[in-house]
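A.B. asks: Before anything else, here's the structure in question.
The values are calculated or read from the model by the stated rules, or taken from the named source; none is laboratory data. Given the structure is predicted, the values throughout are model-derived calculations rather than measurements. No Cβ is skipped: glycine too gets one built from the backbone with ideal geometry, and neighbour counts run over all protein chains shown.
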Amino acid sequence: MQVKRFFAADMRTAMKLVRDELGADAAIIGNRKVAGGVELTAAIDYQMPAQPAKPNAALEAELRKTQAKIASAHAELSQREEGTVKDRQLFANESLIAPELPASMVAAVPVAKAQPAQAPAPVAAASDTRALDAMRSELNGLRELLEMQLGSFAWSQTQNMRPQQASLWRRLQRMGLPAELARRLLEKVAHVADARKSWRLVLAYLAQGIRTTEQEPLEEGGVIALVGPAGSGKTTTLAKLAARYVLKYGSQNIAIVSMDSFRIGAQEQLKTLGRILNVPVVQVDPGVSLVQTIAPLMKKRVVLIDTAGLPANDPALRLQLESLASRKINARNYLVLAATSQSQVLKAAYHGYKRCGLAGCILTKLDEAGSLGEILALAIGHQLPVAYVTDGPKIPDDIQLPKPHQLVSRAVSLQSDVEPSEDVMAEMFSGLYSGRRAG
């Protein structure tokens with residue numbers, strides 16, 4: 001039996017190292033947190049007791065071991081007894097109770113209720129916190145390891161028992177769709193035997209999930225604000241909207257308001273646009289509220305507001321969103337999302353800007369995107385109507401009203417040419433067990 005240790009920054013990387021060096025038949029016989037990451041102990045040709053072959057015997061054994069460790073950890077944490085912690089991995093060699101406290105007092109006086117006058121109390125509290133953090137870290141590692149094993153097992157079962165579904169899983173992964181959305185789509189076509197028909201149905205259901213605005217925002221009129229992170233294309237999109245309106249209705253009933261006093265050149269860019277289109281451009285000055293600035297412009301049929309892309313922890317962002325959420329303005333706020341952004345960036349943008357109340361979203365930079373699966377999944381998952389899509393720098397040509405079937409067709413055309421590896425598919429399946437959702 002060959003036994004070897006592997007060190008990596010996280011559990012997923014460590015599992016990949018094990019599979020690359022020892023193969024898929026390697027057994028994980030130990031894991032623990034170490035400085036700078038995790039340590040896995042793996043063995044090849046690991047002898048298991050002879051028993052009737054069952055497809056999930058190893059999985060059930062791993063589940064029982066994990067449940068036993070979690071139960072033991074919770075029991076020790078609740079008792080808060082003095083002495084050496086039995087499971088060093090879970091508690092990182094830290095005592096849950098200050099060593100100065102006599103053993104006879106442990107059961108009678110819980111650490112959490114220690115009198116403020118006692119000197120050991122802060123030490124006990126700090127030790128208890130560290131032990132709790134260590135336990136949480138170890139449990140997270142165990143959960144991540146279990147999820148990887150469950151994902152690998154589930155993917156193997158799908159390939160063996162439902163090869164047609166496995167083929168559809170691969171195609172959806174190449175489109176960049178997250179695991180949870182892919183699962184929901186495939187559940188709807190599980191009864192379809194024909195492979196081509198099932199694929200067409202999957203795309204049809206995907207298109208049905210994409211919502212669009214019932215009426216074009218410019219046609220509806222009113223105050224329209226574009227919000228979103230820096231670099232998403234807010235100012236360029238606003239310029240396209242303004243030019244689109246002026247070409248159709250003229251420049252008499254439209255105005256532009258800028259709330260971006262942070263980015264160098266932002267005001268000059270909009271002023272230049274205003275001169276070209278013969279549209280008034282107003283800047284929100286420091287110390288003046290948005291309500292006061294916009295009041296003289298309320299007679300205009302359309303007022304477009306350009307906002308600053310600020311970090312999520314910037315206090316100015318909170319004030320900006322509160323202004324846009326004011327009922328006195330009654331603005332319709334559209335989240336501008338770049339199709340080139342990573343999935344985590346898109347999710348952070350949604351959760352950061354939803355506080356102002358979102359009427360929908362605008363998808364930009366489709367011409368630069370490598371895939372559309374992530375951005376479509378966010379719009380579907382949070383039921384954000386897509387108001388416009390942009391696919392180039394030309395003003396106002398490169399902005400269109402969205403059509404769901406065209407977005408899906410474009411997503412299919414952008415799917416990766418590289419067939420996903422077994423590790424990638426196993427990781428996709430592990431996302432179903434980790435509780436991650438699209439958005």
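A.B. asks: Which pairs do you get when a residue that is part of a strand (DSSP E or B), found in the stretch 202-225, comes within reach of a residue that is among the aromatic types (F, W, Y), reach meaning Cβ atoms under 9 angstrom, with the pair 6+ apart or on two chains?
C.D. replies: Final answer for the pair search is I224/Y334; A225/Y334.
A.B. asks: Continuing with the same structure: Quick one: K299 ticks every box in (1) surrounded by 13 or more Cβ atoms within 10 Å (Cβ to Cβ); (2) in a loop (DSSP other than H, G, I, E, B); (3) of a type in the set (D, E, K, R) except a single one, so which number is it?
C.D. replies: The number of the failed condition is (1).
A.B. asks: Can you report the number of residues in the stretch 149-169 which are within 21 Å of R12 (Cβ to Cβ) and at pLDDT 75 or above?
C.D. replies: 1
A.B. asks: Among the residues of the stretch 336-369, which ones are more than 19 Å from L401 (Cβ to Cβ) and of a type in the set (V, I, T)?
C.D. replies: T340, V345
A.B. asks: Given L384, L378, which one is under 18 Å from S343 (Cβ atoms), of a type outside the set (S, T, Y), assigned to a loop (DSSP other than H, G, I, E, B) and touching a Phe, Trp or Tyr at 6+ places or on another chain (Cβ under 8 Å)?
C.D. replies: The conditions single out L384.
A.B. asks: Can I ask one more? May I ask you to list the residues in the stretch 333-356 that are β-branched (V, I, T) and either surrounded by 23 or more Cβ atoms within 10 Å (Cβ to Cβ) or part of a helix (DSSP H, G or I) (or both)?
C.D. replies: V336, V345
A.B. asks: Can you tell me which residue in the stretch 1-11 is modelled with the highest pLDDT, limited to those that are more than 19 Å from E138 (Cα to Cα) and not hydrophobic (A, V, I, L, M, F, W, C)?
C.D. replies: K4
A.B. asks: Return the total of residues in the stretch 313-332 being out of contact with any Asp or Glu (no Cβ under 9 Å at 6 or more places or on another chain) and in a strand (DSSP E or B).
C.D. replies: 0
A.B. asks: If a residue has to be of a type in the set (A, V, I, L, M, F, W, C) and surrounded by fewer than 18 Cβ atoms within 10 Å (Cβ to Cβ) to count, how many in the stretch 302-332 make the cut?
C.D. replies: So the count comes out to 4.
A.B. asks: Can I ask one more? Just name the residue that is nearest to V408 (Cα to Cα) out of those in the stretch 365-379 that are surrounded by fewer than 21 Cβ atoms within 10 Å (Cβ to Cβ) and touching a residue at least 40 places away in the same chain (Cβ under 8 Å).
C.D. replies: Out of the qualifying residues, it is S371.
A.B. asks: Taking the stretch 226-250 as the region of interest, how many residues are out of contact with any Lys or Arg (no Cβ under 8 Å at 6 or more places or on another chain) and either without any contact (Cβ under 8 Å) to a residue 24 or more places away in the chain or assigned to a helix (DSSP H, G or I) (or both)?
C.D. replies: 16
A.B. asks: Another question, then. Looking at V389, V424, V412, which one is modelled with pLDDT of 95 or more and not in a loop (DSSP other than H, G, I, E, B)?
C.D. replies: V389
A.B. asks: Related question: With the requirement that a residue be within 30 Å of G250 (Cβ to Cβ) and of a type in the set (V, I, T), what does the stretch 168-221 give you?
C.D. replies: T212, T213
A.B. asks: Mind listing just one residue for me: the one in the stretch 12-45 that is assigned to a loop (DSSP other than H, G, I, E, B) and farther than 25 Å from L139 by Cα and, of those, modelled with the highest pLDDT?
C.D. replies: Checking each candidate, the answer is G23.
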